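A.B. asks: One structure follows; several queries about it will come next.
The values are calculated or read from the model by the stated rules, or taken from the named source; none is laboratory data. Not measured: the values here are computed from a predicted model. Every residue, glycine as well, gets a Cβ built from its backbone with ideal geometry; the counts of neighbours run over all protein chains shown.
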Amino acid sequence: MRARLARGAAVATLALALTACDLVGSDEAAPSGTPAGTSSAAPDLTIDSEFTSSGTFQSHSSVRGARGIDLVLTLYPTKATPRTNEWYPEGSKFFTFTFQGYDLSQPLRASFDSKRLMYLDTIEVTSATVTADGGATERPYSLDAEAAEVTFDPEPARSRYGMLITSPKGALELRNQEIGSMSSDTRGVELTFRAVVHIETRAGSGKYLERTVEQVVPIAIFASEDPTVATEIPENAS
């Protein structure tokens, strides 16, 4: 795809905006005060993984030339495989991710018309495994699509720039994404997210900046002769 997602600083006031209504489907194992996948004993991770240790991952990306814009990527495991410390090389592992934009130059409760519109054109995700024995790299998950064609909402607001992702009116949500089986010496997998976004220069201007953003998300995989066990196989699994 055509985008570079740079890791941005988290904005403190954004926490008030990240409600379950904004980002989380009701049938998912959403992030909570007691994160899914957190074991009583700290696991010895081969790779440093916020997703594994916290049971979720969230990044905030600023955008060059668009002060006050915050692009938020959130990942969490679904209820099919909620315990991330039991993600093993064999078997399917399921996660959901969302992508949404916030115009922090305006108060969170300001009218939607006062906020800059943001559209997500394409979304690409590639994967690469990390192995204990230096084995060949595998790619157990991939995605390359127009956002409006794959988001959970069957009728997203869209324009020639893609689908609307400005909070609270729009967001990309992909549920039950499947990371497949990997070689037995796999100890981690890195997901690289790339998005092409169009951001209004000012509210109501109708003029847009095109930017590409990128985020790498490492996920630990634990050694086991047993496969990852899913409580169910989601009907809409990728």
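A.B. asks: Which of (1) at negative phi; (2) of a type in the set (Gly, Ala, Ser); (3) touching a residue at least 60 places away in the same chain (Cβ under 8 Å) does residue 204 not meet, given it meets every other one?
C.D. replies: The number of the failed condition is (1).
A.B. asks: Given the structure, is residue 131 buried (at least 17 other Cβ atoms within 10 Å of the Cβ) and modelled with pLDDT of 95 or more?
C.D. replies: Numbers: buried (at least 17 other Cβ atoms within 10 Å of the Cβ): yes; modelled with pLDDT of 95 or more: no.
Answer is no for this residue.
A.B. asks: Scan segment 84-137 residue by residue and report those that are farther than 18 Å from residue 222 by Cα, assigned to a loop (DSSP other than H, G, I, E, B) and among the hydroxyl-bearing types (Ser, Thr, Tyr).
C.D. replies: Step one: of segment 84-137, the residues farther than 18 Å from residue 222 by Cα are 96-126.
Now restrict to residues that are assigned to a loop (DSSP other than H, G, I, E, B): 104-111, 115-117.
Within segment 84-137, 105, 111 meet the criteria.
A.B. asks: What single numbered condition from (1) surrounded by 15 or more Cβ atoms within 10 Å (Cβ to Cβ); (2) closer than 28 Å to residue 82 by Cα; (3) in contact with a Lys or Arg (Cβ under 8 Å, 6 or more places away or on another chain); (4) aliphatic (A, V, I, L, M) fails to hold for residue 164?
C.D. replies: (2)
A.B. asks: Any idea which residue in segment 204-238 is surrounded by the most Cβ atoms within 10 Å (Cβ to Cβ), counting only those that are among the aliphatic types (A, V, I, L, M) and part of a loop (DSSP other than H, G, I, E, B)? Working first, answer last.
C.D. replies: Here is the first cut: in segment 204-238, the residues among the aliphatic types (A, V, I, L, M) are 209, 213, 216-217, 219-221, 223, 229-230, 233, 237.
Subset that is part of a loop (DSSP other than H, G, I, E, B): 221, 223, 229-230, 233, 237.
Working: 221: 28, 223: 12, 229: 13, 230: 18, 233: 11, 237: 15.
Top of the filtered list is 221.
A.B. asks: Another question about this same structure. Does segment 78-95 contain any residue that is aliphatic (A, V, I, L, M) and at pLDDT 95 or above? Show your work before the answer.
C.D. replies: The first filter runs over segment 78-95 and keeps only residues aliphatic (A, V, I, L, M), leaving 80.
Of the ones still in play, those that are also at pLDDT 95 or above are 80.
The answer is yes; a qualifying residue exists.
A.B. asks: Within segment 100-110, can one find any residue that is within 15 Å of the chain's Cα centre (by Cα) and closer than 27 Å to residue 146 by Cα? Before you say what the answer is, go through the steps one by one.
C.D. replies: The first filter runs over segment 100-110 and keeps only residues within 15 Å of the chain's Cα centre (by Cα), leaving 100-101.
Remaining after also requiring closer than 27 Å to residue 146 by Cα: 100-101.
Yes: segment 100-110 contains one or more residues that are within 15 Å of the chain's Cα centre (by Cα) and closer than 27 Å to residue 146 by Cα.
A.B. asks: Within segment 167-203, can you find the residues that are surrounded by fewer than 20 Cβ atoms within 10 Å (Cβ to Cβ), among the polar types (S, T, N, Q) and more than 19 Å from the chain's Cα centre (by Cα)?
C.D. replies: 181, 183, 184, 201
A.B. asks: Still on this model: If I go through segment 71-86 residue by residue, how many of them are surrounded by fewer than 24 Cβ atoms within 10 Å (Cβ to Cβ) and either charged (D, E, K, R) or within 22 Å of residue 143 (Cα to Cα) (or both)? Walk me through it before giving the result.
C.D. replies: Within segment 71-86, the first condition is being surrounded by fewer than 24 Cβ atoms within 10 Å (Cβ to Cβ), and the residues that meet it are 73-75, 79-80, 82-83, 85-86.
Going one step further and asking which of them are either charged (D, E, K, R) or within 22 Å of residue 143 (Cα to Cα) (or both), we end up with 73-75, 79-80, 82-83, 86.
Looking only at that region, the number is 8.
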